[in-house]
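Read the structure below first, then the notes.
Bear in mind these aren't lab numbers, they're just calculated from the coordinates by the rules spelled out. Every value quoted in this text rests on a predicted model; they were computed, and no experiment measured them. Ideal geometry is used to build each Cβ from the backbone, glycine not excepted, and the neighbour counts take in all protein chains shown.
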Amino acid sequence: MLEINEIFGPTIQGEGKLIGTPSIFIRLSRCNMRCKGFNVNYKTPNGELKKSCDTYYAVDSAFKNEWQKLNSKEIIKVVSKLEANPKIDIVITGGEPLLYWQNDEFQKLLKYYVEKEHQVTIETNASLDIDFTEDYQKKVLFSMSVKLSNSLETKRKRINIDTIKKVFSETSNSYLKFVVNKSSIDEIEKEILDILKNIENYEVYLMPLGSTVDEINDNSKAVINMAIKNGFKYSDRLHIRIWDNKRGV
C-alpha cells in the first residue's frame, strides 16, 4: 500500500522543465526531511505551531489522519476519473516519493503509466539511494530539487552525489532544481557550484523561495541574475502566482 496525501488535477505543472504542461498530481505522504528553513508557518490539527516547507501537510505525521492507504489499482482508478486526455502528464510528488521506491505498488504505478506512454515525473529531493533495475524506470523524468543550507537540513542528509549521478546516467532529460533566496544568495551559489563539480552533463533550474506571490517577487530578480551569471535556467512558480499555494489545483 502507498500512503497518499492527495490526487488532483487536471491542472498545470507550476515549476521546472515542464512548467505549464497539463498534469495530474499524485502526492505521496511522508518525507525524510522537514526543511524548517523554508519558513512556512502552519498549525497542526491539534493546534501546535510549526515551520516547514509548503507541503507540510504531506510531511508532518500530525496530518496522517488525512492520508489514505491505496494500492496502485486504486490510485489508477482515481486518476482515470480526472484524466482530461489519455496521455496527460503524471506527476508523482510528495513528501518524498523515493521513500517508496522499493515498494511493489509504487513500481506497478510507474510501470503502468510509462507503458501507457504518459510522461511521468518524479519530484524528489534526490537524497535517498535508488537502483535502476527495469527499463521503464529509465523513462521517468526526475525533477531533483536538491536541498541546500537554506533548508536548515544537514549537508550529510540532503546531498547524495551518487544518486544524482545515477539519475543523470540512467535517464534522459532529468534535471536539478534549486530553491534560492536573495538573503543568502552568495552562499547558495557556492553550494550549487560545489555540487556541480562532481557531476557531468547536468541541467540546472533556479527557483525563487516563497509560498506567496509577494515572497516570490521579492526573491525572483536576484535568482534570475544568478541564473544568467552561471548559465542556469530560471523557473517561476506559476501555481503560487495563480492559486496562492492553494491545495488541490
So which residues in region 200-216 are surrounded by 12 or more Cβ atoms within 10 Å (Cβ to Cβ) and out of contact with any strand residue (DSSP E or B) (no Cβ under 8 Å at 6 or more places or on another chain), if there are any at all? 210, 212, 213
Wholly within region 37-87, strands (runs of 3 or more DSSP E) carrying at least 1 residues that are more than 22 Å from residue 178 (Cα to Cα) and either touching a Lys or Arg at 6+ places or on another chain (Cβ under 8 Å) or free of Cβ contacts under 8 Å to residues at least 40 places away in the same chain (or both): 40-43, 49-52
Could you list all residues from region 196-249 that are assigned to a loop (DSSP other than H, G, I, E, B) and basic (Lys, Arg)? 197, 237, 246, 247
Might you let me know whether region 53-67 holds any residue that is buried (at least 18 other Cβ atoms within 10 Å of the Cβ), over 18 Å from residue 245 (Cβ atoms) and in contact with a strand residue (DSSP E or B) (Cβ under 9 Å, 6 or more places away or on another chain)? yes
Go through (1) within 17 Å of residue 126 (Cβ to Cβ); (2) touching a strand residue (DSSP E or B) at 6+ places or on another chain (Cβ under 9 Å); (3) assigned to a helix (DSSP H, G or I) for residue 178 and report which single condition fails. (3)
Which of the numbered conditions does residue 231 fail, given that it passes all the others? Conditions: (1) at positive phi; (2) touching a Leu at 6+ places or on another chain (Cβ under 8 Å). (2)
